[in-house]
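Asker: What follows is a structure written as structure tokens; I'll ask about it next.
The values are calculated or read from the model by the stated rules, or taken from the named source; none is laboratory data. Note that the coordinates shown come from a computational prediction; the quantities given were computed from them, not determined experimentally. Neighbour counts run over all protein chains shown; Cβ positions are idealised from the backbone, glycine included.
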Amino acid sequence: MPAEGYKYHRVLLKLSGEALMGDAGYGIDPKVIDDLAEQIKEIVEDGVQVAITVGGGNIFRGVAGSADGMDRAQADYIGMLATVMNSLALQDGLERHGVSSRVQSAIEMHQVAETYIRLRAIRHMEKGRVVIFAAGTGNPYFTTDTTAALRACEINADCMMKATKVDGIYDSDPKANPDAKKFDKISYLDVLTKELNVMDAAAISLCKDNDMPLLVFNMTEPGNIARVLKGEGSATLVY
């Protein structure tokens, strides 16, 4: 049964690394971490089980590194380690707000994180802890979008949430085109055929093949995570 008033009981929240840097051009903005922790605390206290994956683009982006001449696999491993730093910062913010959390890394680093174990992650969530998945899949050539889709399927999430700076999916960039049309609902097939660049094709295929609903929403509005999960906030549902 979903938590009272919520449409979903277990969710995976996908955060980009860029989202954590706020208005700065690099790194981690403590205010963004605090705002996120407050929103996550609200839904956890209401009984929603939460897992999170976070990117590393605010610190290092593997594709950009390989474009500069670095070996692609090596660049991707550096990017994975950047996600661990973001995950630890997010964990610190959650713990300071009284939310029990665990970081599980796909690359073993016992001093700072648990090794990813699917059933252990599920058990943590059942006990009310937030689980933060770090280091991607542990393999190069996979994006954190793909990681998020994979983990959402593995933990039997009811939905995946993708945090952005706009309130859903549009047929064109709403910041550049004031006449851009917002989709309230759209199928994964339409996302692919319209080339809407919501997530990479591998992530979309994983969600589509496993009937994983995706909610795309604006994370910069205070309290929006709870509203969207209750069906009250503005978002796009991909099905």
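Residues checked against (1) of a type in the set (G, A, S); (2) under 16 Å from P213 (Cα atoms); (3) in contact with a Leu (Cβ under 9 Å, 6 or more places away or on another chain):
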position	(1), (2), (3)
E114	no, no, no
I117	no, no, no
R123	no, no, no
G136	yes, no, no
F142	no, no, yes
E154	no, yes, no
M160	no, yes, yes
A163	yes, yes, yes
D167	no, no, no
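Asker: Here is a check on your reading of the model: is A51 buried (at least 23 other Cβ atoms within 10 Å of the Cβ) and either part of a loop (DSSP other than H, G, I, E, B) or under 11 Å from the mean Cα position of the chain (by Cα) (or both)?
Answerer: It is true that A51 is buried (at least 23 other Cβ atoms within 10 Å of the Cβ) and either part of a loop (DSSP other than H, G, I, E, B) or under 11 Å from the mean Cα position of the chain (by Cα) (or both).
Asker: For segment 150-164, does any single residue satisfy the condition of being more than 25 Å from A3 (Cα to Cα), surrounded by 14 or more Cβ atoms within 10 Å (Cβ to Cβ) and at pLDDT 95 or above?
Answerer: Checked against the condition, which is being more than 25 Å from A3 (Cα to Cα), surrounded by 14 or more Cβ atoms within 10 Å (Cβ to Cβ) and at pLDDT 95 or above, segment 150-164 yields no hits at all.
Asker: Of (1) polar (S, T, N, Q); (2) on the phi > 0 side of the Ramachandran plot; (3) in a strand (DSSP E or B), N197 satisfies all except one. Which?
Answerer: Condition (3) is where N197 drops out.
Asker: Checking the conditions here, which among A106, A134 is under 23 Å from A202 (Cβ atoms), modelled with pLDDT of 95 or more and touching a Phe, Trp or Tyr at 6+ places or on another chain (Cβ under 7 Å)?
Answerer: Result: A106 is the single residue among A106, A134 that is under 23 Å from A202 (Cβ atoms), modelled with pLDDT of 95 or more and touching a Phe, Trp or Tyr at 6+ places or on another chain (Cβ under 7 Å).
Asker: Also: Would you mind stating whether S105 is farther than 25 Å from Y6 by Cα, surrounded by 19 or more Cβ atoms within 10 Å (Cβ to Cβ) and among the hydroxyl-bearing types (S, T, Y)?
Answerer: yes
Asker: Within segment 122-159, how many residues turn out to be over 12 Å from L12 (Cα atoms) and either touching a strand residue (DSSP E or B) at 6+ places or on another chain (Cβ under 6 Å) or assigned to a helix (DSSP H, G or I) (or both)?
Answerer: 8
Asker: When you scan segment 137-157, do you find a residue that is of a type in the set (D, E) and under 22 Å from K41 (Cβ atoms), even just one?
Answerer: The answer is no; no qualifying residue exists.
Asker: Go through segment 175-198 and give me each residue that's of a type in the set (A, V, I, L, M, F, W, C), surrounded by fewer than 13 Cβ atoms within 10 Å (Cβ to Cβ) and either within 14 Å of S234 (Cβ to Cβ) or at pLDDT 90 or above (or both).
Answerer: L189
Asker: Taking the conditions exactly as written (of a type outside the set (A, V, I, L, M) and part of a strand (DSSP E or B)), does K162 satisfy them or not?
Answerer: When the stated conditions are applied, K162 passes them.
Asker: Now for a different question. Please list, ordered by first then second residue, the pairs with beta carbon atoms under 7 Å, 6 or more apart or interchain, first in segment 176-195 and more than 13 Å from V216 (Cβ to Cβ), second not in a helix (DSSP H, G or I).
Answerer: Here the result reads A180/Y170; A180/D171; A180/S172; A180/D173; A180/P174; K181/Y170; K181/D171; S187/Y239, each pair linking segment 176-195 to a residue that is not in a helix (DSSP H, G or I).
Asker: Would you tally the residues in segment 113-149 being within 23 Å of A64 (Cβ to Cβ) and either of a type in the set (K, R) or surrounded by 22 or more Cβ atoms within 10 Å (Cβ to Cβ) (or both)?
Answerer: Residues meeting the conditions: 10.
Asker: When you check L88 against the structure, is it farther than 30 Å from S187 by Cα and either outside any loop (DSSP other than H, G, I, E, B) or in contact (Cβ under 8 Å) with a residue 12 or more places away in the chain (or both), yes or no?
Answerer: yes
Asker: In segment 1-27, what residues are crowded, with 21+ Cβ neighbours inside 10 Å, out of contact with any Gly (no Cβ under 7 Å at 6 or more places or on another chain) and modelled with pLDDT under 95?
Answerer: A19, L20
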